[in-house]
Amino acid sequence: MSTYRVAQVTAPNGTFELVEREMPQPGSGQVRIAVDACGICHSDALFVSGGLPGVSFPEVPGHEIAGRIEELGQGVLERGWQVGDRVAVGWFGGSCGHCRPCREGDFIVCRNLKVPGWAYDGGFGEKVIAPVDALARIPDGLAASDAGPMACAGVTTYNGLRRSSARPGDLVAVLGLGGLGHLGVQYAVAMGFETVGIARGPEKADFAKQLGAHHYVDSTSGTPVAEALQSLGGAKAVLATAGNSEAITATVDGLAHRGELVVIGADTEPLGITPVQLLMSGRVLRGHPSGTAQDVEDTMAFSALHGIRPMTEHVPLERADEAYRKMLSGKARFRMVLTGG
């Protein structure tokens, strides 16, 4: 009997253990992927903790997957995929195709979205079975350890910016310089925006400039963030990658007229924004989810073209628990990636 290994937790917030399972076979419209790399996203904690409805244990998380198609299910070859193709699967792990958002072509907000690690076993393992509509083709020259994080962190920031109201030459601010923000700054610069990095502490200024930012705002300097942004002319868009409602709220008055706050950092605390702050200057507040498989392909192609890569730390699958705890602690710089399945 052929087997493969996964790193799983058997109870909420449990310790990851490496176990062997019987080799899975792809069903109709599915493929089996040999996993080369899987990024560890902070939202994996929602699954490991059992904090989302429908999460069951044992739990195998991981939705920043990169690997190679190993076996095709029925009907997949006709859709243009072959054994050996390099593919990524992100937060968008497939859609139902029949709910109203899907019928409108808005698949990323599918009411039955199939997130890896939630709808099916994720990438903390040597193999993954995924539906064909979740597959994004990895371009040549992009390593698996880079492609994995692009399927979630990358596509979320890239899409958040390209679908904003900002245009080349506009002032755009990226709040947070962590796992999402360090990519957001690079994308903003490559898209032609006058880019502002916002983070805590003067020591982050050099890092922001290394990423290409034209300006840096230290949120701990004593000068309100909104005032600092207005001194630069006001931001056409703020990409809020930091999962901190207070920090997000502090940027609103830094928006220019008709400016847009794009929220991609998750927090359960409410935002302290008044209707007047939005009304008087015609500002827009928008939540932005990840992106479809096509969006992931677009993100990877843009990244390959402009030499944009995530900053990663590679850890073998056997040390999944160590890598996950390091991500939770906030000490990871900037994306922990499981490799070598």
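The values are calculated or read from the model by the stated rules, or taken from the named source; none is laboratory data. In this text, all values refer to a predicted model and were calculated from it rather than measured experimentally. Glycine also receives a Cβ, built like all others from the backbone with ideal geometry; neighbour counts cover every protein chain displayed.
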Query raised in the report: Which of (1) within 23 Å of the chain's Cα centre (by Cα); (2) without any contact (Cβ under 8 Å) to a residue 60 or more places away in the chain does Ala242 not meet, given it meets every other one?
Result: (2)
Query raised in the report: Under 6 Å by Cβ, and 6 or more places apart or on different chains, what pairs join a residue from the range 160-175 that is within 22 Å of Ala199 (Cα to Cα) with one that is surrounded by fewer than 24 Cβ atoms within 10 Å (Cβ to Cβ) and among the basic types (Lys, Arg)?
Result: Ala166/Lys236; Asp170/Lys236; Leu171/Lys236
Query raised in the report: Applying the selection to the range 324-335, what residues are closer than 19 Å to Ala151 by Cα and at pLDDT 80 or above?
Result: Tyr324, Met327, Phe334, Arg335
Query raised in the report: Can you name every residue in the range 46-86 that is in contact with a Pro (Cβ under 7 Å, 6 or more places away or on another chain) and closer than 14 Å to Lys127 by Cα?
Result: Gly62, His63, Glu64, Ile65, Glu71, Leu72
Query raised in the report: So which of Ala256, Ala240, Ala293 is modelled with pLDDT of 95 or more and either surrounded by fewer than 24 Cβ atoms within 10 Å (Cβ to Cβ) or of a type in the set (Lys, Arg) (or both)?
Result: Ala256
Report summary line: Reported set for the range 115-129 where residues are surrounded by fewer than 21 Cβ atoms within 10 Å (Cβ to Cβ) and within 14 Å of Asp44 (Cα to Cα) is Ala119, Tyr120
Query raised in the report: Taking the stated definitions as given, is Gly94 on the phi > 0 side of the Ramachandran plot, assigned to a loop (DSSP other than H, G, I, E, B) and in contact (Cβ under 8 Å) with a residue 24 or more places away in the chain?
Result: yes
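Rundown of residues vs (1) in contact with a strand residue (DSSP E or B) (Cβ under 6 Å, 6 or more places away or on another chain); (2) β-branched (Val, Ile, Thr), yes/no style:
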residue	(1), (2)
Asn244	no, no
Asp253	no, no
Val262	yes, yes
Thr274	no, yes
Arg286	yes, no
His314	yes, no
Arg325	no, no
Gly330	no, no
Phe334	no, no
Query raised in the report: Mind checking whether some residue in the range 92-113 is assigned by TED's automatic domain parsing to the domain that holds Ile138, crowded, with 17+ Cβ neighbours inside 10 Å and in contact with a His (Cβ under 6 Å, 6 or more places away or on another chain)?
Result: no
Query raised in the report: Do you know which of the residues in the range 1-33 that are within 17 Å of Ala320 (Cα to Cα) and of a type in the set (Gly, Ala, Ser) is surrounded by the most Cβ atoms within 10 Å (Cβ to Cβ)?
Result: Ala7
Report summary line: If you go through Lys114, Lys127, the only one that is of a type outside the set (Gly, Ala, Ser), modelled with pLDDT of 95 or more and in contact with a helix residue (DSSP H, G or I) (Cβ under 9 Å, 6 or more places away or on another chain) is Lys114
